[in-house]
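The values are calculated or read from the model by the stated rules, or taken from the named source; none is laboratory data. As the structure is a computational prediction, the values presented were derived from the model and not from experiment. Don't worry about glycine lacking a Cβ; one is built from the backbone with ideal geometry, like all the others, and counts go over all protein chains shown.
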Amino acid sequence: MSNNKFTENTPASSKAGASISQSGLMLEQANAQGAYRVQCFDKHGKLKWNDSFDNLVTTVGKNDALDKYLDGSAYTAAFYLGLISSVSYTTGAAAGDTMASHAGWTEDQNYTEGTRPAPTWNAGAAGSKATNAISFSINATATIKGCFLATNSTKGGATGILYSAGLFTGGDKAVANGDTLNVTYTASL
């Protein structure tokens, strides 16, 4: 009779271990963004074209929003809409653009309003806040490339905060004397 014994020997120095690691941080991000919607009506009120496009929120625009909101500062500056011209245009908006320095583009001032129009804002909801439509009464033949939002009402003014700027997705848009541009802006976080 054979005696087969199986013996398992485990040295006393053997160890077993397990670990689970979990970060205690929850990350949430807010990405400042916005979109413009522009409609062009001729002098008879007939829709000529419309376009919607996203914008670039500039670095100074983001910094201004953070400073005002997180520091608890009372924000008294109003915002104004402007138009980007095809004249002297070389490049679109860049994150480093400011009202004093936006080398790739200029402002189109071919509208009858004496200053850049000021939008009125609807209440924020679902992380977005939109303006009511702002009208530009066009007084010359021109080509518009896009829009911008700034804290200075002066047509051609180079002070204040340039919050955002963007270009039409469908290319340049022609306008003529007597046309009306209706612009709506929506900001989202």
Revision key, fill the gap. Just one listed residue, out of Gly124, Gly170, Gly104, is free of Cβ contacts under 8 Å to residues at least 24 places away in the same chain and within 21 Å of Thr186 (Cα to Cα), and it is Gly124
Point to revise | One residue from Leu189, Leu149 being of a type outside the set (D, E, K, R) and crowded, with 19+ Cβ neighbours inside 10 Å | key: Leu149
Review point. At pLDDT 90 or above and closer than 22 Å to Ala100 by Cα: does that describe Gly82?
Key: yes
Practice item. With respect to Gly166, determine if the residue is surrounded by 21 or more Cβ atoms within 10 Å (Cβ to Cβ) and modelled with pLDDT of 90 or more. Key: yes
Check your understanding: Restricting attention to region 118-172, which residues are over 15 Å from the mean Cα position of the chain (by Cα) and under 16 Å from Met99 (Cα atoms)?
Key -> Asn152, Ser153, Thr154, Lys155, Gly156, Gly157, Ala158, Thr159, Gly160
